[in-house]
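Below is one structure, written out as structure tokens; comments come after it.
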Amino acid sequence: QISEKLPLGFTFSFPVSQTSLTSGSLISWTKGFSASGVEGEDIIRLLRDALARRKDSDVDVVALVNDTTGTMMSRALLDSDCQIGLILGTGTNACYMESLSAVGKWAHPKQPGVDKVAINTEWGAFGDNGVLDDVFTEFDKVLDQKISINPGKQLFEKTISGMYLGEIVRLVCVKLIDSGLLFKGQAAPAFSEKFKFESKYVSTVEEGDDSVAATQQILSGLGVTASEDDCKLVRRVCAAVSTRAARLAAAGISTIVDKIDTALRCGRGRLTLQVPPSVLQAYGGMFR
């Protein structure tokens, strides 16, 4: 039992229509999550109701923030040049600081001395209108339409985030197996199970040296007997999938930088981008 009131800042990693510092309605679930009765509802009200039902603590929710915005703000406390926050984890998103005069949707009273506002782009949904069709492969289409729980949504996220990279590699490998180009065309049960080839394996394979030892160890752990050539091919697939993801992420970041400041486009000025340390630890190769 806690007697004192506890102030809580609530980080919520899903698209929200935020109406105040302590209120916002869930637009839609992403990253494979789903719970009925939440979309369209004020998540802070739901959280407060849930806390009240516990009756063992007094919690005061003082702020609602997206994880991308929180990432940027945490760095901005130490570095005022930090104007972009980036999440590349299970899902992906980015935010940036925008001039208030450029935000046509701004409907709140302007505060004296405040000329910028944090914009949460929710860029995981980029491409939902068809603009990514040219970079979508047959494997992306299978992942989106037959495997994900939200077909046609969060398409950019499905090409670059940690939840899906391993699955894209698995789908490519399945085609190579069926074509007789991998594992001598012999069925590999581990590659027949959805999400069995985890994204952390992609990172491990790529972070290793040029030998096949790391790949061999992962495949052996999955119950797959692989030759040296098999390991090299799996490594090439991992490299192709992660390289594409890195380039798409870089394209998104460069677009935001271009949007922020003319001086930066001309090579002048300084800007800091904050990425959570856990992302760099898990998949630092994407940032090299």
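The values are calculated or read from the model by the stated rules, or taken from the named source; none is laboratory data. Worth saying up front: this structure is predicted, and the values here are computed from it rather than measured. So basically every Cβ, Gly included, is an ideal-geometry build from the backbone, and we count neighbours across all protein chains shown. Heavy atoms of the whole protein, side chains included, go into the accessibility calculation; ligands, DNA and RNA do not. Shrake-Rupley method; radii C 1.70, N 1.55, O 1.52, S 1.80 Å.
Among the residues of the range 4-58, those that are of a type in the set (Lys, Arg) and at pLDDT 90 or above comprise Arg45, Arg48, Arg53. Residues of the range 221-250 that are surrounded by 15 or more Cβ atoms within 10 Å (Cβ to Cβ) and outside any helix (DSSP H, G or I): Leu222, Val224, Ala226.
Out of curiosity, is Ile253 under 29 Å from Thr30 (Cα atoms) and either open to solvent by 70 Å² or more (accessible area, probe 1.4 Å) or out of contact with any His (no Cβ under 7 Å at 6 or more places or on another chain) (or both)? Judged against the criteria, Ile253 is a match.
For the range 176-196, the tally of residues that are touching a residue at least 40 places away in the same chain (Cβ under 8 Å) and in contact with a Phe, Trp or Tyr (Cβ under 7 Å, 6 or more places away or on another chain) stands at 0. Screening the range 42-64 for residues that are of a type in the set (Gly, Ala, Ser) and outside any strand (DSSP E or B) and picking the one that is surrounded by the most Cβ atoms within 10 Å (Cβ to Cβ) gives Ser57.
Scoring Ile218 on the criteria (1) open to solvent by 50 Å² or more (accessible area, probe 1.4 Å); (2) β-branched (Val, Ile, Thr); (3) part of a helix (DSSP H, G or I) leaves a single failure, condition (1). Checking each residue in the range 75-98 for being within 17 Å of Lys116 (Cα to Cα) and polar (S, T, N, Q) picks out Ser80, Gln83.
Applying the criterion of being of a type in the set (Gly, Ala, Ser) and touching a residue at least 24 places away in the same chain (Cβ under 8 Å) to the residues of the range 1-39, the residue that is surrounded by the most Cβ atoms within 10 Å (Cβ to Cβ) is Gly24. Answer yes or no: is there a residue in the range 40-52 that is at positive phi and touching a residue at least 60 places away in the same chain (Cβ under 8 Å). No, every residue in the range 40-52 fails to be at positive phi and touching a residue at least 60 places away in the same chain (Cβ under 8 Å). Taking the range 166-211 as the range and being surrounded by fewer than 18 Cβ atoms within 10 Å (Cβ to Cβ), of a type in the set (Asp, Glu) and not in a helix (DSSP H, G or I) as the test, the residues that pass are Glu193, Asp209, Asp210.
Listed here are the residues, each with its yes/no results for (1) out of contact with any Leu (no Cβ under 9 Å at 6 or more places or on another chain); (2) closer than 24 Å to Thr243 by Cβ; (3) free of Cβ contacts under 8 Å to residues at least 12 places away in the same chain.
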| position | (1), (2), (3) |
| --- | --- |
| His108 | yes, no, yes |
| Val114 | no, no, no |
| Gly124 | no, yes, no |
| Asp134 | yes, yes, yes |
| Phe139 | no, yes, no |
| Leu143 | no, yes, no |
| Ile147 | no, yes, no |
| Gly152 | yes, no, no |
| Leu155 | no, yes, no |
